[in-house]
Amino acid sequence: MYSKDLLKELYRTLYKIRTFETECIKLYRQGLIRGYFHPYLGEEAVASGVCLALGPKDYIISTHRGHGHCIARGASLDRMVAELFAKETGYCGGLGGSMHIADVSTGNLGANGIVGGGIPIGVGAALGISLRAETGAVAIFFSDGAANNGIFGESLNLAAIWNLPVIFVLENNHYAVSTPIEQSSRNPDLYKRAEGYGVVSSAVDGNDALAVYEKTCEAAELCRQGKGPVLIEAKTYRHGGHHVNDPGQYMPAERLEYYKAKDPLLISRQYITESELVSSSELDTIEIEVAREMENAIEFAKQSAEPALDSFLELIKEY
Ligand SMILES: Cc1ncc(C[n+]2csc(CCOP(=O)(O)OP(=O)(O)O)c2C)c(N)n1
Ligand SMILES: [Mg+2]
């Protein structure tokens, strides 16, 4: 049985990610956001469920499709929008953009434009935790395409032989850009790859935030007992193309409809209201509060200044 507060927090996170992505896509179309933008629409339950199960001493590491991970780990919407607007109040002073948001203060080691690039960094962070005899775990988010990079196997093996506290969160959204999983893996159950490395692994419905939460709690517990790493394959689907300018015409309409009927927000809303712990009107209130938070975030970003040229020159001087 879940607490009322937990269910409300979970729904708030899901709705926050959905709102952020939907509104930012509109802002992108208006020319206020430039560059690449990979929406997390349809995959919200993975980040929300995983991060709900983590504690303050844990870390996450994200991907190029990282807005949802950052929000679920506690990033503020105003600094997120500001970063996408390339304003100095953004998480990277406006110099990083969508694919490089990091916030060490909330245990977010950062997004990464290099597919699979976050995997070894996360394993390194877990090695640090282990050497310092701390209790945290590192949740490493990556998708099916990254699981076909050599670095995935190398990292999994190192984490395994050193019993590192890593939760590998394989977000199988069934595509790497336009390549469907059937064309990139003979075995569609990617979690089975972990067995070969002696790593505990299983699949979960990645559209069901509470199922993801449960799996992550179990994985975090194993990590804390020194029995890590663990791999969770969350099976999910994008609600659109690879990035904001990709119409995703290669995605079969009937499969998209199937997954949209299993929309993570619908599933959670139904479960939560049926539990009778939180009423439908309480969820409506959360939606109104999040919408207001997003409006304020957009206004904050619009009013913020662009980074001074000097800030960029200072930064490159360091390297
Ligand atoms: C090392 C590397 N190779 C190729 C690319 C180009 N690229 C960007 S996203 C992407 C697909 C990644 O697919 P997946 O790992 O499944 O992530 P998803 O987009 O589904 O979240 C590719 C090939 C890249 N950024 N980095
Ligand atoms: Mg993918």
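Any read-out appearing in this document is the output of simple, stated calculations on the displayed coordinates, not a laboratory observation. Remember, it's a predicted structure, so these values are computed and weren't measured experimentally. As a convention, Cβ positions derive from the backbone with ideal geometry for all residues, glycine included, and neighbour counts pool all protein chains shown.
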Worksheet item: If amide H atoms are built 1.01 Å from N in the plane of the peptide, which residues on other chains or at least 5 residues away come under 5 Å of the amide H of VAL138?
Response: TYR59, VAL166, ILE167
Fill in: Cα centroid separation - region 69-140 against region 180-254, whole Å
20 Å
Response to the item:
Here the gain from full extension of THR22 to ILE288, 0.36 nm per residue of separation minus their alpha-carbon distance, amounts to 94.3 nm
Fill in: Global geometry of region 1-136, whether rounded, prolate or oblate, following the gyration tensor of its Cα atoms and the 1.5 cut on a/c
oblate
Worksheet item: Binned at 10 Å from 0, what are the whole-percent values of the Cα-Cα distance distribution for region 4-317, short to long?
Response: 6, 28, 35, 24, 7, 0
Fill in: Restraint check, LYS215/LYS235; LYS57/LYS235; LYS235/LYS262; LYS26/LYS302; LYS8/LYS235, Cα-Cα greater than 18 Å
LYS57/LYS235; LYS8/LYS235
Worksheet item: How high is the FRET efficiency between GLN270 and ILE316 when r is their beta carbon distance and R₀ equals 45 Å, given to the nearest 0.05?
Response: 0.35
Worksheet, complete the sentence: Length gained, GLU295-SER184, 0.36 nm per residue minus C-alpha separation, equals 35.9 nm
Worksheet, complete the sentence: Low-density loop trypsin sites (Lys or Arg not before Pro), region 138-193, at most 10 other Cβ within 10 Å, DSSP non-H/G/I/E/B, are ARG186
Worksheet item: Most fluctuating residue of ARG65, ARG34, ARG12 in a GNM of the chain with Cα springs under 10 Å: which is it?
Response: ARG34
Worksheet item: By how many nm would the segment from GLU254 to ARG29 lengthen if fully extended, with 0.36 nm per residue of separation less the alpha-carbon distance?
Response: 78.3 nm
Discussion item. Taking 30 Å as R0, compute the FRET efficiency from the Cβ-Cβ separation of ASP5 and GLU134 and round it to 0.05.
Written reply: 0.65
Worksheet item: What size of dipole, in debye to the nearest 20, comes out for the chain about its Cα centre when the only charges are +1 on Lys and Arg C-beta atoms and -1 on Asp and Glu C-beta atoms?
Response: 480 debye
